[in-house]
Amino acid sequence: MKKISLLVAGITLFYACKNDGSQFDGYKRAENGLHYQFFKQDEAGTKAQLGYGVIFKVEIKNNKNDSLVFSSKQASQDGSGEIQFLLQKSSFKGSLEDAMMMMAKGDSASFIISADSFFLKTQNMQALPPGINQGDMLKATIVMKDVLTSKQVEEKQAKMKAEYEEKMKAAQEGEQVARDKYIADNKITTKPSETGLIFIETAKGNGKHPAATDMVKVHYTGTLLDGTKFDSSMDRGEPANFPLNQVIAGWTEGIQLMSKGSKAKLIIPSSIGYGPQGNGPIPPFSTLVFEVELLDFSAAPPQQAMPQGHSANDGHNH
């Protein structure tokens, strides 16, 4: 009996050492319950810490059936397949945050974590997504591309801010140069209004002018100064209808100068257009040129009237 007992104990000890406390083959188990397996590890490298910046690639699968749950290759904004963020406080014991705090630059590893905790605590979801059941485990494979200390993060952010401000300054200065050239090349002599709008009537209309709170019906084509077209109701074959106070300030100002049936060219600087942020195909600090025909206008229903000066986008680039 003693020999059998010793044999059983030996086998148990062998498998315990083989899996280092983890029930998953090839994985070790950390004190916080995280199951991990390193493929490449720089044990002397600087490990990620709370508040550090991490740049990594990750693929998360359901450990039960190996189905893909998430891939940074599909989610990265720049197409690099990399994600970067500041490492936050662990959302639960044995979390992905804990996993990253075990890694240094250049490390690659696989971690097995609770699906319940990941989705309900880390992702703050109200329920598990389709295909994930209570008690499932996730396998996350992470390649740590870089680890930035808090100081390095601050320096990088300061550099990015300076580069952005320089870029915006150049764009702002470039807008004035481009607009002056456009005006000279097109022999435009009309003086701008106090806001910078240049209003050029190309066909006379009849009757009253719309108020800022009126609903207007227009056909228009919008281009950048270089002639690039970014929007046109003419191309869609359908006039645009909208409350005049729910568009960019340049439109609100310019169309009030028109009457039913009139046509005009509106040259709108970014200060009364889409400003430093741009909008879709419209770059930051872009002067816009609109060819507009006012087809009709009427008082807006009460629920559509908004305080004058509001400049919301109603779905069209005007």
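The values are calculated or read from the model by the stated rules, or taken from the named source; none is laboratory data. Just so we're clear, the structure is a prediction, and the values are computed from it rather than from any experiment. Quick reminder, even Gly has a Cβ in these numbers, built from the backbone with ideal geometry, and neighbours come from all protein chains shown.
Can you tell me which residue among A158, A170 is exposed (fewer than 14 other Cβ atoms within 10 Å of the Cβ) and closer than 16 Å to P269 by Cα?
Exactly one of A158, A170 is exposed (fewer than 14 other Cβ atoms within 10 Å of the Cβ) and closer than 16 Å to P269 by Cα, namely A170.
Which of the residues spanning segment 59-79 are of a type in the set (A, V, I, L, M, F, W, C) and over 15 Å from F119 (Cα atoms)?
Correct list: A75 only.
Identify all residues within segment 265-297 that are among the polar types (S, T, N, Q) and either outside the structural domain of I198 (by TED's automatic domain parsing) or closer than 13 Å to F230 by Cβ (or both); write none if there are none.
N279, S286, T287
Within segment 253-263, can one find any residue that is at pLDDT 95 or above, in contact with a Pro (Cβ under 6 Å, 6 or more places away or on another chain) and of a type in the set (K, R)?
No: segment 253-263 contains no residue that is at pLDDT 95 or above, in contact with a Pro (Cβ under 6 Å, 6 or more places away or on another chain) and of a type in the set (K, R).
Within segment 260-282, track down each residue that is part of a loop (DSSP other than H, G, I, E, B) and crowded, with 17+ Cβ neighbours inside 10 Å.
S262, P269, G273, Y274
Within the set of pairs 6 or more residues apart or between chains, which connect a residue that is under 15 Å from A300 (Cβ atoms) inside segment 197-216 to a residue that is of a type outside the set (F, W, Y) and assigned to a strand (DSSP E or B) with Cβ atoms less than 7 Å apart?
Short answer, once both residue conditions are applied: P210/V216; T213/P243; D214/S298; D214/A299; M215/N241; M215/P243; M215/S298; V216/L294.
When only residues in segment 1-50 that are under 20 Å from F118 (Cα atoms) and small (G, A, S) count, which is modelled with the lowest pLDDT?
Ranking the candidates gives S22 first.
I'm checking my understanding of the structure. Among residues of segment 105-144 that are on the phi > 0 side of the Ramachandran plot and touching a residue at least 40 places away in the same chain (Cβ under 8 Å), which one is surrounded by the fewest Cβ atoms within 10 Å (Cβ to Cβ)?
Only one residue tops the list, namely G131.
Would you please name the residue that is farthest from S262 (Cα to Cα), looking only at residues in segment 218-241 that are of a type in the set (S, T, N, Q) and part of a strand (DSSP E or B)?
Among those residues, the one meeting the criterion is T223.
Which one is surrounded by the most Cβ atoms within 10 Å (Cβ to Cβ) among residues in segment 48-70 that are of a type in the set (A, V, I, L, M) and in contact (Cβ under 8 Å) with a residue 60 or more places away in the chain?
Taking the candidates together, the pick is A48.
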